[in-house]
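Enquirer: Just passing along the structure, written as structure tokens.
No value in this document is a laboratory result; all are computed from the given coordinates. These numbers come from a predicted model, not from an experiment. Counting neighbours? That spans all protein chains shown, and the Cβs are built from the backbone with ideal geometry, glycine included.
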Ligand SMILES: [Fe+2]
Ligand SMILES: [Fe+2]
């Protein structure tokens with residue numbers, strides 16, 4: 001049941017060959033996807049052998065197979081987690097009804113918007129990261145970048161399957177648009193802001209995979225609860241792949257921090273930059289920047305859309321089953337609002353606060369990541385250095401805090417005060433140029449750039465010295 005049919009042009013476990021129309025539509029989309037991959041995927045690496053994992057089953061144990069693959073030959077396919085028999089809708093106004101196997105007519109537009117918005121982030125990140133291979137700090141990192149990239153490509157396939165399979169003609173049009181928008185393009189940008197930001201260096205990549213891919217984890221988790229069963233099953237399997245992306249980010253930043261400690265110890269003045277590393281202040285500023293951009297992805301703290309998504313049964317909470325009550329009709333949340341320059345708690349109906357509920361889950365998870373980084377700093381003999389998460393109000397461009405200025409502790413301040421401190425809180429052009437100046441490719445197996453520590457172990461039981469990408 002969970003086995004994947006690899007004899008097909010499009011590997012899948014959805015019995016695609018039994019639906020000729022859908023199969024033909026997807027086979028028509030496939031060359032357009034490959035054109036997009038070749039022109040917008042990793043630049044200059046398409047003909048190289050990369051040690052990649054490919055999904056071969058959706059079973060929890062042993063779902064992945066590792067081997068050398070040239071990226072355009074990667075078996076992108078459509079994999080859904082196994083169906084749960086007699087699954088019911090677990091929350092909202094349709095709680096307890098049979099989960100939908102077809103699109104519920106009354107929610108068609110809402111559902112399509114949810115799928116398109118999620119789908120758009122997948123190719124966007126590939127586009128953002130396409131030049132990073134030219135300055136990879138090691139072959140191990142290079143391989144991890146490509147692993148993340150091909151899986152984001154597969155996530156696009158997952159969303160396009162839903163559009164083609166369940167939304168007819170407008171689904172097919174949306175699938176074309178997903179290949180037409182471009183990250184950072186002025187005329188045809190990607191839908192969400194974080195996915196139009198430049199990713200010119202590996203510290204950015206590690207912050208992005210820590211904070212922005214982690215937003216993805218929570219969005220997918222909320223959609224894995226969906227009453228629309230094909231979406232729920234799709235997202236459940238995507239979450240399995242996403243774990244590695246978060247690992248790449250978290251361990252990446254940790255290695256930059258460890259190396260900064262080692263370089264500071266080598267310098268007579270403890271100056272990390274003098275030794276060619278990334279200093280702690282710069283790392284903190286990158287964390288501030290990407291954490292705040294990623295918070296925006298959850299949407300406004302007070303949102304009638306969020307209430308509608310929940311009420312309709314399309315988007316639930318993170319691990320809905322840990323809640324005792326699933327209608328969220330009789331509860332409220334206190335959300336601080338700014339009134340006359342002061343913060344004041346405002347009681348918000350729980351459904352309206354659903355974005356904030358999900359964002360809070362995300363922030364809790366980020367706190368755990370920061371704990372790990374700070375533990376690494378202690379291990380490296382620097383308990384005096386602590387990396388912190390800024391307040392969720394700091395540097396926001398979406399939601400109820402977007403029009404007010406806050407310092408990293410969450411205190412409301414004037415625009416002038418914010419501008420006066422901007423360069424100590426957020427990366428400056430000079431900081432970015434400095435980080436970019438460190439980005440020199442290291443392609444020798446077992447070697448690593450000076451500004452980052454080697455990882456503790458390799459991939460799939462291989463040593464760090466393994467030839468993860470054949471040049
Ligand atoms: Fe993804
Ligand atoms: Fe991801």
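Enquirer: Return 177, 301 ranked ascending by Cβ neighbour count within 10 Å, so the fewest neighbours appear first.
Expert: Fewest-to-most Cβ neighbours within 10 Å comes out as 177, 301.
Enquirer: If you don't mind, another one. Rank the residues 321, 49, 330 as a footprinting-exposure proxy: fewest other Cβ atoms within 10 Å of their Cβ go first.
Expert: 330, 321, 49
Enquirer: I would also like to ask the following. Taking the Cβ-Cβ separation of residue 421 and residue 331 as r and a Förster radius of 30 Å, what is the calculated FRET efficiency to the nearest 0.05?
Expert: Efficiency, rounded to the nearest 0.05: 0.20.
Enquirer: If you stretched the chain out fully between residue 304 and residue 185, how much longer would it get, using 0.36 nm times the residue separation minus the C-alpha to C-alpha distance?
Expert: So the chain would gain 39.9 nm between residue 304 and residue 185.
Enquirer: Measuring from label point to label point, each 7 Å out along Cα→Cβ, what is the residue 84 to residue 101 span in nm?
Expert: Placing both labels 7 Å beyond Cα along the Cβ direction yields 1.8 nm.
Enquirer: Further, regarding this structure: In nm, what is the difference between 0.36 nm times the number of residues separating residue 344 and residue 43 and their Cα-Cα distance?
Expert: 103.4 nm
Enquirer: Output needed for region 16-470: three equivalent-ellipsoid semi-axes, defined as square roots of 5 times the C-alpha gyration tensor eigenvalues, in descending order, whole Å.
Expert: 35, 30, 19
Enquirer: Please work out the C-alpha center-to-center distance from region 36-100 to region 363-431 and express it in whole Å.
Expert: Using only Cα atoms, the two centres lie 34 Å from each other.
Enquirer: Relative contact order of region 431-471: what whole-number percent is it, with Cα pairs under 8 angstrom and at least 6 residues apart?
Expert: Rounded, it is 31 percent for region 431-471.
Enquirer: Normalised by the number of residues in region 183-327, what is the relative contact order in percent for Cα pairs under 8 Å and 6+ residues apart?
Expert: Relative contact order for region 183-327 comes out at 31 percent.
Enquirer: So if R0 is 25 Å, what FRET efficiency would residue 110 and residue 403 give, r being the distance between their Cβ atoms, rounded to the nearest 0.05?
Expert: After rounding to 0.05, the efficiency reads 0.40.
Enquirer: Rounded to the nearest 500, what is the 222 nm mean residue ellipticity of the chain from helices alone, with -39500 (n - 2.57) per DSSP H run of 4+ residues and division by all residues?
Expert: -15000 deg cm²/dmol
Enquirer: In whole percent, what relative contact order does the chain give with Cα contacts below 8 Å and a gap of six or more residues?
Expert: 19 percent
Enquirer: When a footprinting reagent is the concern and you count Cβ atoms within 10 Å, what order do 51, 468, 323 take, fewest first?
Expert: 323, 51, 468
Enquirer: Can you work out the PRE-style zone for residue 28? Point 7 Å along Cα to Cβ, and I want the residues of region 144-183 with backbone N under 13 Å.
Expert: 164-165, 168-176
Enquirer: OK, next. Based on alpha-carbon centroids, what's the gap between region 112-163 and region 226-255 in Å, whole number please?
Expert: 12 Å
Enquirer: What is the gain in length, in nm to one decimal, between residue 429 and residue 441 on full extension, counting 0.36 nm per residue of separation less the C-alpha to C-alpha distance?
Expert: 2.1 nm is the gain from fully extending residue 429 to residue 441.
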